[in-house]
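The values are calculated or read from the model by the stated rules, or taken from the named source; none is laboratory data. Keep in mind it's a predicted model, so treat the numbers as computed, not measured. Please note: Cβ atoms are built from the backbone with ideal geometry, for glycine as well, and neighbour counts cover all protein chains shown.
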Amino acid sequence: MARHGALIPARIPAVVSALVLGGAWWWAVARLVVAPEHAGTVVKAVAVGGWGLSLLPIHVASRAALAAEAAERARRRRQKREGEQEGQQDGGEEPYDGRGEAGSL
């Protein structure tokens, strides 16, 4: 099992990239606010693109969370199916089909 300290060097490039990109976005937004007449197409694209990326975490779930949710659903289906089979094998009552007494005549 990896120690927590061993993961830090692997995260350094990601942190540096996030800081650089975040700084570029803040610079573009500040330039648009302070001097919009001097802001070019690239500055506007950086500002709009960064705002669009900020919405991404709302709509994206991690694969691990999705896999865990799918595994939980499968476990519940399996338990339900096993419970139904045990009820039939133990001589349990037939499931109610909605017909009532009149339907059995």
* To do: Go through Ala6, Ala14, Ala68, Ala30 for me and flag whichever is among the small types (Gly, Ala, Ser), exposed (fewer than 10 other Cβ atoms within 10 Å of the Cβ) and modelled with pLDDT of 80 or more.
  => Ala14
* To do: Determine the pairs where a residue that is under 17 Å from Gly52 (Cβ atoms), located within the range 20-42, has a partner that is charged (D, E, K, R) with Cβ atoms under 9 Å apart, the partner being 6 or more residues away or on another chain.
  => Ala28/Lys44; Leu32/Lys44
